[in-house]
1. When a/c reaches 1.5 or more, the comparison of a/b and b/c decides; with that in mind, is region 49-127 rounded, prolate or oblate per its Cα gyration tensor?
2. Between rounded, prolate and oblate, where does region 42-175 land on the alpha carbon gyration tensor, with a ≥ b ≥ c its root eigenvalues, rounded for a/c under 1.5, else prolate if a/b exceeds b/c?
3. Given the C-alpha centroids of region 72-88 and region 182-227, what is the distance between them in whole angstrom?
4. Whole-Hz ³J(HN,Hα) for each residue in region 151-159, computed from phi via Karplus 6.51 cos²θ - 1.76 cosθ + 1.60 with θ = phi - 60°, x for glycine and proline: what do you get?
5. Report Rg (one decimal) and Dmax (nearest whole number) for region 197-279, counting Cα atoms only, units Å.
6. Charges on Cβ only, +1 for Lys and Arg, -1 for Asp and Glu, centred on the Cα centroid of region 126-279; of LEU217, LEU249, THR277, which one is farthest towards the dipole's positive end?
7. For each of ILE269, ILE116, count neighbouring Cβ atoms within 10 Å of the residue's Cβ, then give the residues from fewest to most.
8. Just going by the charge dipole of region 175-273, with Lys and Arg at +1 and Asp and Glu at -1 on Cβ, which of LEU260, MET184, PHE194 is farthest out on the positive end?
Amino acid sequence: METKTKQKLSESILDKFSIDFLRSQVLKNAYGNDDTVIARLDPRILLMWYLFIGLVPWFVSNLWFLMACFLLVLVTTKLARVAGLVLLLFAVGVFSQTGYLFLVSLLFGGDTSTIIPLLILTLKVATCSLASITVFSGLDPDRLSNGLMWYGCPERLSFSISYAYRVLPMLMEEFQNILLSFRMRGNPPAHETFRGKVRYLFYQVQVVMHAFYPLMLNTAKRSRTTVEALEIKGYRYAAVNKTVKKMKLATLKVTYNDLLFTAVSVLWIALAILASTLF
């Protein structure tokens with residue numbers, strides 16, 4: 001009975017890391033958050049909020065202020081409904097790096113006094129990372145491009161960022177097709193047992209590494225077709241035409257929710273500054 005339970009547990013864990021699961025999680029984080037509170041905010045407000053949260057913590061070392069900023073972005077990440085895989089990668093990347101530094105400091109003569117500096121570093125990295133995840137999971141390509149354009153970002157740069165978002169499904173589809181071709185021609189190891197599943201996982205990683213070059217080649221071919229289509233439709237003329245720019249930016253509008261989000265953020269930061277001053 002215990003052996004069957006362990007086998008089912010190993011199957012449920014390893015089956016989660018399939019290519020289809022990774023693909024769905026990435027696309028959900030990029031395109032599946034249109035109905036959230038963060039997604040309904042004006043992109044100009046979000047970009048200004050991100051500019052503050054993403055830069056200010058790096059110049060502050062007060063623990064109270066950093067903890068307050070971290071709690072703020074923790075709430076906004078919850079409101080943005082970020083995909084679980086992205087949060088898992090964030091947690092593993094940030095906290096494993098901090099734990100590694102703490103262990104190294106202990107091995108080379110350090111003591112528990114290094115906890116506070118490492119905690120400050122962790123809060124800085126975690127706050128900026130969660131702010132990035134919140135903003136870019138709540139903005140679709142068009143709204144992100146319009147927000148950057150309103151702030152004076154060059155049209156080609158804003159379009160390049162927007163196009164990078166739009167090309168993501170194409171990359172995932174091409175990647176899936178390449179993996180299917182490898183699967184048809186390959187001979188994967190048996191994965192009925194736990195050891196076999198581990199070997200099968202390493203086999204999939206090897207296939208992903210081999211699929212990198214054909215993925216880049218096929219994507220470059222498709223990108224050339226996209227550029228030619230844009231040139232035919234007069235993209236370069238529209239990029240410098242003020243009337244077209246005015247029409248694109250006419251959809252931007254600051255609403256009551258934007259003002260409420262800004263007021264709550266400013267009030268929370270003010271309370272954090274007050275707390276850091278008093279304590």
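1. Taking the square roots of the gyration eigenvalues as a ≥ b ≥ c, region 49-127 is oblate.
2. Details: a/c = 2.53, a/b = 1.76, b/c = 1.44.
Verdict is prolate for region 42-175.
3. Taking the Cα centre of region 182-227 as reference, the centre of region 72-88 is 29 Å away.
4. The phi angles translate into 7, x, 5, x, 4, 5, 5, 5, 5 Hz.
5. Cα radius of gyration and Dmax of region 197-279 are 25.2, 63 Å respectively.
6. Of LEU217, LEU249, THR277, it is LEU217.
7. Taking fewest neighbouring Cβ atoms as first place, the list is ILE116, ILE269.
8. Result: MET184, furthest along the dipole toward the positive end.
Only the coordinates and a few stated rules stand behind these numbers; no lab work does. Predicted, not measured: the structure shown is a model, and the values here were computed from it. So basically every Cβ, Gly included, is an ideal-geometry build from the backbone, and we count neighbours across all protein chains shown.
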